[in-house]
Amino acid sequence: MIKESSSVINYTQIKAFNAVVKEGSFSKAGLALGLSQPAITVQVKSLEQTYGVRLFTRHGRNIVPTELGHALFDLTKQLFDIEIQAQELLSSTGRLLQGQLRLGAEISHTAMHLMSSFTQQHRKVDLTLKLATPQDLLEDILSQRLDIIILSDPDEDPRLYYFPLWRRRLMLLLPRNHKWATRRSVRLQELSDQSMITQDYPLSLQQKLNRFLQEHKVSINSKLHITKNKEAVREAVAMGIGLSLMLEGEMGHDSRLAAVPIQEEASLESLETLVCLKTHVEVDCVREFIKMSENNVPVKRSSSTWSNNYNMVTPPKLHIA
């Protein structure tokens, strides 16, 4: 039996529903709103009963929005985005920026530089950083679990705002006493008979590199693979274990090492881009982070002294997921 609906929709019920979809469970929604899980369940069930609809289905231990649930969430997201913006507008005048900013990235290098600069201006803002795959990061930004993400060569999505940060070319990292250390460039084909240290690259760059190697029938002799640890890669190269391909700006400042551009770098660049929801561009912390990025990193190819020219400061205390 369908109850006669009120002319005014129940805000508390809608807020509970929005939180369940956003957080992915009733218990997490309760934590987000400071309510118990049963209280959230009651609010959502009341909303369903008022209109005689189903907003969720269960698959094992997981809950999934129905088609109607997805459509309603598209609307409630807009509602609560506007609420956040209104709160920010009314409370921003005459106070220091404060709150929380949740960031995500494929690799930590670029994010850490930007976050370090940001905290020098806004010490009242708490930062979190999540390292994940591009697909996971996009899901998190669209579900509002993250505020800003940094991706390499992202595909366009009409729901998202993009700000290009910088293009970084691929370099060959080698010991300073290596015979190639004084060369102006090295061709990838020359690496076939070299012992190489391989590592994780942004997904888009890895795909470009794999495609180039396949098309030109170049085989890389991987002596050692190191996962998500640039410092370990640099140390392995300095110890003479092998050479390594590394993005410009990640070489550090080690007198034992030298970096030589890859001749084919024009097709092997990585364009790192800041991404957020279009609806969140004017949220205080997001807006200020974008503004800081615009002032510090105009789109250009970084030089070999990029990390020297950048405003290097002590990294903030972060929670890294």
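The values are calculated or read from the model by the stated rules, or taken from the named source; none is laboratory data. This is a predicted model, so every value here is computed, not measured. Quick reminder, even Gly has a Cβ in these numbers, built from the backbone with ideal geometry, and neighbours come from all protein chains shown.
Taking the condition buried (at least 19 other Cβ atoms within 10 Å of the Cβ), in contact (Cβ under 8 Å) with a residue 24 or more places away in the chain and under 19 Å from the mean Cα position of the chain (by Cα), does GLY242 pass? Here the answer is no, as GLY242 does not meet what is asked. For ARG176, are the conditions met, namely being at pLDDT below 90 and closer than 30 Å to ILE197 by Cα? The answer is no for ARG176.
Of all residues being in a loop (DSSP other than H, G, I, E, B) and hydrophobic (A, V, I, L, M, F, W, C) in the stretch 97-148, which is farthest from ILE290 (Cα to Cα)? Just the residue, please. Out of the qualifying residues, it is ALA132.
Taking the listed residues LEU75, LEU31, the one that is within 19 Å of ASP140 (Cα to Cα), free of Cβ contacts under 8 Å to residues at least 60 places away in the same chain, in a helix (DSSP H, G or I) and touching an Asp or Glu at 6+ places or on another chain (Cβ under 9 Å) is LEU31, with no other qualifying. Residues in the stretch 39-56: is at least one touching a residue at least 60 places away in the same chain (Cβ under 8 Å), of a type outside the set (Asp, Glu) and in contact with a Pro (Cβ under 7 Å, 6 or more places away or on another chain)? Scanning the stretch 39-56, I find no residue that is touching a residue at least 60 places away in the same chain (Cβ under 8 Å), of a type outside the set (Asp, Glu) and in contact with a Pro (Cβ under 7 Å, 6 or more places away or on another chain), so the answer is no.
If the Cβ limit is 9 Å and pairs must be 6+ apart or interchain, which residue in the stretch 155-178 that is within 30 Å of GLU282 (Cα to Cα) and in contact (Cβ under 8 Å) with a residue 40 or more places away in the chain pairs with which residue that is part of a strand (DSSP E or B) and basic (Lys, Arg)? Between residues of the stretch 155-178 that are within 30 Å of GLU282 (Cα to Cα) and in contact (Cβ under 8 Å) with a residue 40 or more places away in the chain and residues that are part of a strand (DSSP E or B) and basic (Lys, Arg), the close pairs are TRP166/ARG301; ARG167/ARG301; ARG168/ARG301.
Of all the numbered requirements in (1) surrounded by 13 or more Cβ atoms within 10 Å (Cβ to Cβ); (2) at pLDDT 85 or above; (3) under 23 Å from GLN135 (Cα atoms), GLN207 misses one, and that requirement is (1).
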